[in-house]
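The values are calculated or read from the model by the stated rules, or taken from the named source; none is laboratory data. Not measured: the values here are computed from a predicted model. Cβ coordinates were reconstructed from backbone atoms using ideal geometry, including for glycine residues, and neighbour counts include every protein chain displayed. The area values use the complete protein model at the heavy-atom level, side chains included, leaving out ligands, DNA and RNA. Shrake-Rupley method; radii C 1.70, N 1.55, O 1.52, S 1.80 Å.
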Amino acid sequence: HCNSDQATCYKNQCVTNAQELIKYGGIDEDRHQFIQSRLLRDPWLSPYTDFEIERLAKEGVKKIKVICPAFISDCLETLEEIAMEGKEEFIEHGGEEFELIPCLNTHPLWIKWMVDKIQKWEARTVKSMKKSLLELLFALAEVVFTFKLLKKSLTQSQCSRTSNSKVI
């Protein structure tokens with residue numbers, strides 16, 4: 001359970017996503033928000049989608065459109081529980097039209113947005129990696145130089161002990 005005001009709260013994320021879609025989608029029709037997630041028999045988040053779909057049909061709602069804003073692509077759970085079972089329950093209890101609005105999936109604008117984000121991330125990462133690589137190379141050069149000095153010092157020390165040794 002989480003405080004619904006927290007940005008990391010799942011229910012808050014679902015509600016906020018839905019509200020943003022409603023706002024930016026210009027949706028001003030009668031709308032409802034339901035939660036699909038459940039933890040077996042443990043009451044977690046509600047209202048439950050299946051109960052609400054049935055309730056709406058029984059109350060005389062004939063047409064509904066459903067969107068699942070918690071996902072960027074349609075998953076089997078959504079397709080089975082919402083598109084198939086949800087539609088079946090709605091029609092069975094008096095509804096006439098049920099439409100599941102697909103997730104972003106492979107929509108060209110979504111793909112373009114993702115490619116742009118990845119390319120920007122990649123550019124920052126490569127730049128950061130180049131800087132780190134240069135820093136590493138300088139550090140390695142220091143280590144190599146230090147070892148050469150140490151080797152020369154040891155060689156000179158050994159030469160002073162033996163009369164036939166030369167330092168090169």
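Fully extending the segment from Thr106 to Glu142 would add 7.9 nm, taking 0.36 nm per residue of separation and subtracting the current Cα-Cα distance. A crude spin-label estimate for the pair Glu99 and Leu150, with each label 7 Å from Cα along the Cβ direction, gives 7.3 nm.
Straight-distance candidates among the lysines for linking to Lys117, with alpha-carbon spacing under 21 Å and chain neighbours fewer than 8 residues away dropped: Lys127, Lys130. Applying both filters, DSSP loop and at most 16 other Cβ atoms within 10 Å, to the chymotrypsin sites (Phe, Trp or Tyr not before Pro) of segment 56-100 gives Phe71.
Counting only heavy atoms of the protein chains and using a 1.4 Å probe, Asp50 has close to 50 Å² of accessible surface. What does the charge add up to near Glu89, with Lys and Arg as +1, Asp and Glu as -1, over the other residues with Cβ less than 11 Å from its Cβ? Net of charged neighbours comes to -4.
Take the Cβ atoms of Leu76 and Ser46, set R0 to 22 Å, and the FRET efficiency comes out at 0.45.
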